[in-house]
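J.: I am attaching a structure below and will ask some questions about it afterwards.
No value in this document is a laboratory result; all are computed from the given coordinates. Values in this document were obtained by computation on a predicted structure and should not be read as measured data. Positions of Cβ are generated from backbone atoms using ideal geometry, with glycine treated the same way; all protein chains shown enter the neighbour counts.
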Amino acid sequence: MNAKEEKEKSFVELYDTHADAIFRFCFFKTGDREIAKDLTQDTFIKVFNYLAKKEVQNAKSFIYTTAKNTVIDFWRKKKSLSENQLPEGFFESIAERDDTEADIDYSIFLSLLDKLSESDREVIILRFIEDMSSKNMAELLGERENTILVRISRAKEKLRNLLKEANK
């Protein structure tokens, strides 16, 4: 197997390992399945092009950083929409679900997540939805691991307070 074939095989393995998680990350950042699919595809195209030229030390962190930047670029290009300008069925598309108890809990979780700041929402998603370690999060976000742990703790506390308010 030549070097080009090895790089392609390595990339396919990276894609198979991380594509679902990157899709979820993009979905939580955009709230739209089709946009999340496009952003996931854009992310892996960028990763492939970069890896064709250079190697990276921590592939997972690199892929998440690329996804984060891809989402940021998307929102920069996108005009801010008010709720009445959103396409019909936008909110329904965010969570296609039955009326089961687990889905209701998920719905409550999503509504509480929306009330958090972007930075708090980001650490909650990365830690508890993507199951990323604080070390990897620190690398991805360019912060110290202790700072990430404090941010997670504060975001969890904010979520607890929001849940208490919602249950009143």
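J.: Can you tell me how much longer the chain between LYS9 and GLU157 gets when fully stretched, taken as 0.36 nm per residue apart minus their C-alpha distance, in nm with one decimal? Can you show the working numbers first?
T.: Numbers: separation 148, 0.36 × 148 = 53.28 nm, distance 4.30 nm.
Length difference between fully extended and current span is 49.0 nm.
J.: In what sequence do VAL123, VAL150 fall when counting other Cβ within 10 Å, fewest first?
T.: Details: VAL123 24, VAL150 13.
Ranked by crowding around the Cβ, least crowded first: VAL150, VAL123.
J.: Let me ask you something else. How many nm is it between the label spots at GLU165 and THR17, if each spot is 7 Å from the Cα in line with the beta carbon?
T.: If labels sit at GLU165 and THR17, their model points lie 4.1 nm apart.
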